[in-house]
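Undergrad: Encoded as structure tokens, here's the structure I'll be asking about.
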Amino acid sequence: MWLNATMVRSTRRQMLEAFDVRPEHQPDERRDDREADAPPAVQLAPGHERHASVRLMDVLAIRDLAAAQRDRYLAALRTMVNIDSGTFNRAGVNRIADLCEARFREGGWDVERIGPTPGDQPELGDQLVGTFRGAGRARVLMVGHMDTVFDDGTAAERPFSVHGERAYGPGVSDMKRGLLAGFFAVDVLRDARVDGFERITYVCNPDEEIGSPSSDRDDQATRSRTTTRRSSWNPVVPTATSSPPGKGTTDYAIRIHGRAAHAGVEPGEGRSAVIEAAHKAIEIADIHGRWPGVTCNIGVLRGGTRSNVVAEEAVLEVDLRSPELATLEEAKRAIEADLCRTRQRWV
């Protein structure tokens, strides 16, 4: 019995808390919101004394400043969405990084660009860390990612478009709209002269879609320096009022070795790695939902060379996620137990 399972990535990511975006005040729908009782100015949290230069926010004024940026936002979103930036397309991800770096510099941010570590394989895109300084005490960390899950050529096949109140295109939701929203949000605060923070740190990640294997090293150092407020710009599900909790992730590449044979002349001498992989895929997929919040997806199953040859090798690629470390570890043990059992002798 020979089954070689290679875990190529095991990345547990400390995901970011999201702010609750529910409004504090809901005006009467029959009245214009300018005529309704104005919502109170946003107050500083206990323990964060107001600095002499900090201005309390006028929520309606902030809204109007943001609304005035709609056309500029959509134009910038069109440019980003029409660039293929799948995780393994280093050139494409770095084109997005170029746009983000230009926005940082134009907005007066300090910016650091971090390339891949020598020897990293595959070589992924660059990470950006921008810092915008204020006059208060709070330290804010924002995180967005520049990569998508889409293959090269997708942007040309279905480029950015707007129909009614919805925008379409590869990565328009996850997460180029959010990536841009971070920049525009800080622009609006600056225009409103809101500076009640010591600094805002914005991390633009190049490899979030595969678990941030290259950027996680730098993210940890950045997070340790940023303490009081954290926000991710990933999309919110339609029924939610705030972003769902993040999950830790572990990816597997499982290689199954069988024995090749001619399917017509000596099929009994062969041991099909593809058939074994199919059994393994069903067993591993059954882990999905076994614990609360645990997801398990068989994203890739490939193997064999020709239809008249018993397949000698097959590969499964598995994405495992959990909101809790304890259940992530249990799910990993379940996968590894499944891999220890084979349906065919000598596979």
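Undergrad: Does THR148 satisfy the condition of being β-branched (Val, Ile, Thr) and under 13 Å from ILE96 (Cα atoms)?
TA: yes
Undergrad: Consider THR295 against the criteria (1) buried (at least 18 other Cβ atoms within 10 Å of the Cβ); (2) closer than 24 Å to VAL149 by Cα: it satisfies all of them except one. Which criterion is unmet?
TA: (1)
Residue-by-condition table, conditions (1) farther than 29 Å from ASP191 by Cβ; (2) in contact with an Asp or Glu (Cβ under 9 Å, 6 or more places away or on another chain):
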| site | (1), (2) |
| --- | --- |
| GLY108 | no, no |
| GLY115 | yes, yes |
| GLY119 | yes, no |
| ASP151 | yes, yes |
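Undergrad: Since GLY144 meets every condition but one in (1) modelled with pLDDT under 95; (2) out of contact with any Leu (no Cβ under 7 Å at 6 or more places or on another chain); (3) closer than 25 Å to ARG63 by Cα, which condition does it not meet?
TA: The number of the failed condition is (2).
Undergrad: Here is a further query. Would you be able to say whether some residue in the stretch 173-185 is touching an Asp or Glu at 6+ places or on another chain (Cβ under 7 Å) and either touching a residue at least 60 places away in the same chain (Cβ under 8 Å) or surrounded by fewer than 17 Cβ atoms within 10 Å (Cβ to Cβ) (or both)?
TA: Scanning the stretch 173-185, I find no residue that is touching an Asp or Glu at 6+ places or on another chain (Cβ under 7 Å) and either touching a residue at least 60 places away in the same chain (Cβ under 8 Å) or surrounded by fewer than 17 Cβ atoms within 10 Å (Cβ to Cβ) (or both), so the answer is no.
Undergrad: Tell me, which residue of the stretch 308-344 that is within 29 Å of the chain's Cα centre (by Cα) and part of a loop (DSSP other than H, G, I, E, B) is surrounded by the most Cβ atoms within 10 Å (Cβ to Cβ)?
TA: The qualifying residue surrounded by the most Cβ atoms within 10 Å (Cβ to Cβ) is PRO323.
Undergrad: Related question: Here's a check for you: in the stretch 162-209, which residue that is under 17 Å from GLY86 (Cα atoms), aliphatic (A, V, I, L, M) and in contact with a strand residue (DSSP E or B) (Cβ under 7 Å, 6 or more places away or on another chain) is modelled with the highest pLDDT?
TA: By that ranking, first place goes to LEU179.
Undergrad: Can VAL143 be described as touching a residue at least 40 places away in the same chain (Cβ under 8 Å) and crowded, with 20+ Cβ neighbours inside 10 Å?
TA: So VAL143 fits the description; yes.
Undergrad: Further question on the same structure: I need every pair where a residue in the stretch 146-168 that is more than 15 Å from ASN89 (Cα to Cα) has its Cβ under 8 Å from the Cβ of a residue that is of a type in the set (S, T, N, Q), sequence separation at least 6 or different chains.
TA: From residues that are more than 15 Å from ASN89 (Cα to Cα), the pairs are PRO159/ASN82; PHE160/ASN82; ALA167/SER161; TYR168/SER161.
Undergrad: Continuing with the same structure: Considering only the stretch 252-277, how many residues are more than 24 Å from SER322 (Cα to Cα), assigned to a helix (DSSP H, G or I) and under 40 Å from the mean Cα position of the chain (by Cα)?
TA: Here the count works out to 4.
The values are calculated or read from the model by the stated rules, or taken from the named source; none is laboratory data. Model, not experiment: these values are computed from the prediction. Cβ sites come from the backbone with ideal geometry, for glycine too, and all protein chains shown count toward neighbours.
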